Amino acid sequence: MADVVKRVTRKGRGRRRNAPMSEINVTPFVDVMLVLLVIFMVAAPLMTAGVPLNLPRTAATAVPSEPEEPLVISIPAEGQVTLMNNPVADDEILTRLRSVLEERQSDKIFLRADGGIPYARVVQIMGALNAAGFTNIVLVTDTGGPRMDG
């Protein structure tokens, strides 16, 4: 009889080895999410502007960010216009800008121009932006330039 009591108590203690687990182990999931977060935090600033420019320096403050992805038009030192990292020929600028404006909610566009290109080229592109319907043109510069207050 003592043998029967022993078997019952062993069987009733703890979990069986073949029983399914009812808890989910979230530690690997959290580890993967943290690694992805770090990757996106490092990669996000690199995706903003892909055309290398030597921007002029000013003492202006930064513009607040928008909920929509910023539309960027760049003019490198060579003078070839790029719209969101895609080169655009001069005769196609107006049609491309008008088609882009129809798809967007905002008429804000960021103009990045190399400091070494002629001022006339920048004004020509600004005129094309205005003719295409962009009335909110933001000129992008680097900070740390000379202050004009003395």
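Each reported figure results from applying straightforward, stated rules to the coordinates on display, with no laboratory input. Note that this is a predicted model, so its numbers are computed, not measured. Quick reminder, even Gly has a Cβ in these numbers, built from the backbone with ideal geometry, and neighbours come from all protein chains shown.
Summary table below
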| item | result |
| --- | --- |
| Amide H within-cut-off set for LEU71, under 5 Å, with H built and near neighbours excluded | PHE110 |
| Intensity falloff of segment 52-143 expressed as log10 I(q)/I(0), Debye formula with alpha-carbon point scatterers, at q = 0.18, 0.24 Å⁻¹ | -0.80, -1.40 |
| Under 20 Å from the THR58 label point (7 Å along Cα→beta-carbon), backbone N, segment 104-126 | 107-126 |
| Highest to lowest packing among 94-105, 130-141, 22-33, scored as the average C-beta count within 10 Å | 130-141, 94-105, 22-33 |
